[in-house]
Amino acid sequence: DAMAVPMGGLEFQLGKRVSLDLQGWYTKYNVFCKEDNQTNVYGITPEIRWWSKGVAMERGSFFGIHASAAWYTLQWKDGFLYQNGKDGQYSTTAGDHTPAWSVGLTYGYSFALDRKARWGLEFVLGVGYGNYSQNLGAWSETDKKWYIYEHQNNTHTGITKAGINLTYRFSTRR
């Protein structure tokens, strides 16, 4: 499954060929209202990158080790609720406690969009292992609240990171 969620990040050069990429995402919607599809998703993905060319954060290929932690509540028009976290009877006492997490290896490629290499694009794909616990709930019209009816523990091996990033470089290098 995939979603479009606003995301931002910073990358710092740690050594000649090594950088640290920190990305995070957040949506502000309140899920506990029974209107249209609602989401509440936030998380962070740190990654250590090793660049195959001579200098970190330049054009070319990189290899990385990434991790992620995310919290979510998803409510759909069909009246179902998906929420990560511990087992609980009501959505206000469950979820948002245990993050969904993953770790893995990354390959990416970065190239410049202008002559000075300020603007660029990155293509990133990561594979690894992920784990999440989630509660499934349903809306009660009688009580006007969400009830949790099932708890699931899940693992995943496969794609754990995929993206196309538009980048802008603030650099002190000449």
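Before we move on, is TRP119 of a type in the set (Phe, Trp, Tyr) and free of Cβ contacts under 8 Å to residues at least 60 places away in the same chain?
On the way: of a type in the set (Phe, Trp, Tyr): yes; free of Cβ contacts under 8 Å to residues at least 60 places away in the same chain: yes.
Spelling it out, TRP119 is indeed of a type in the set (Phe, Trp, Tyr) and free of Cβ contacts under 8 Å to residues at least 60 places away in the same chain.
In segment 21-67, of all residues being among the polar types (S, T, N, Q) and assigned to a strand (DSSP E or B), the one that is modelled with the lowest pLDDT corresponds to GLN38.
Rundown of residues vs (1) open to solvent by 50 Å² or more (accessible area, probe 1.4 Å); (2) closer than 23 Å to PRO46 by Cβ, yes/no style:
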position: VAL124; (1), (2): no, yes
position: GLY128; (1), (2): no, yes
position: TYR132; (1), (2): yes, yes
position: LEU136; (1), (2): no, no
position: GLU141; (1), (2): yes, no
position: LYS144; (1), (2): yes, no
position: THR157; (1), (2): yes, yes
position: GLY163; (1), (2): no, yes
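Selection within segment 88-111: residues that are surrounded by fewer than 16 Cβ atoms within 10 Å (Cβ to Cβ) and modelled with pLDDT under 80. The member of this set that is nearest to the chain's Cα centre (by Cα) is HIS97. When segment 1-16 is limited to residues that are at pLDDT 85 or above and of a type in the set (Gly, Ala, Ser), the one that is least open to solvent (accessible area, probe 1.4 Å) turns out to be GLY15. Could you go through segment 68-75 and let me know if any residue there is at pLDDT below 80 and assigned to a loop (DSSP other than H, G, I, E, B). Scanning segment 68-75, I find no residue that is at pLDDT below 80 and assigned to a loop (DSSP other than H, G, I, E, B), so the answer is no. Apart from one condition, ASP114 fits all of (1) of a type outside the set (Gly, Ala, Ser); (2) assigned to a strand (DSSP E or B); (3) surrounded by fewer than 18 Cβ atoms within 10 Å (Cβ to Cβ); the exception is (2).
Taken over segment 114-172, the criterion of being of a type in the set (Val, Ile, Thr) and touching a strand residue (DSSP E or B) at 6+ places or on another chain (Cβ under 7 Å) is satisfied by VAL124, VAL127, ILE148, THR155, THR157, ILE159, THR160, ILE164, THR167.
The values are calculated or read from the model by the stated rules, or taken from the named source; none is laboratory data. Since we're looking at a predicted model, the values are computed, not measured. Please note: Cβ atoms are built from the backbone with ideal geometry, for glycine as well, and neighbour counts cover all protein chains shown. The protein model used for the area step is the full one, side chains on, heavy atoms only, and it has no ligands, DNA or RNA in it. Shrake-Rupley method; radii C 1.70, N 1.55, O 1.52, S 1.80 Å.
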